[in-house]
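Each value in this text was obtained by applying a stated rule to the coordinates, not by laboratory testing. As the structure is a computational prediction, the values presented were derived from the model and not from experiment. All Cβ positions, even for glycine, are placed from backbone atoms using ideal geometry, and neighbour counts span all protein chains on display.
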Amino acid sequence: MAELTKRALRDLEELPEALQTKARNLIDRLDAEPALGKKLLGPLAGKRSIWLGRSHRIIYEDKPVILVLAIPMRRDAYR
């Protein structure tokens, strides 16, 4: 099971219920498919990002264990 940081847990709890369900499903899929998201570049190099609908992203690291860092809104995700 993927681990979540305190920020990721807080972000998850603040999502609307429909997005919470989708986020939990995607996070569960990460165990089987750690390369599911795209590789990020620049200051976020070494991390990956998955689309969570049109408005949010799941930012995570996949080495050595899957660690979900945050679930920000798209406009803030890459800052």
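Things worth noting here:
- Using just its DSSP H runs of length 4 or more, each adding -39500 (n - 2.57), the chain gives a mean residue ellipticity at 222 nm of -10500 deg cm²/dmol after division by all residues.
- In sequence order, calculated HN-Hα J values of segment 41-57 (Karplus, 6.51, -1.76, 1.60; Hz; x Gly/Pro): 10, x, x, 9, 4, x, 10, 10, 9, 10, 6, 10, x, 7, 9, 10, 10
- For trypsin sites (Lys or Arg not before Pro), the sites in segment 34-74 that DSSP calls loop and that have at most 10 other Cβ atoms within 10 Å are R54.
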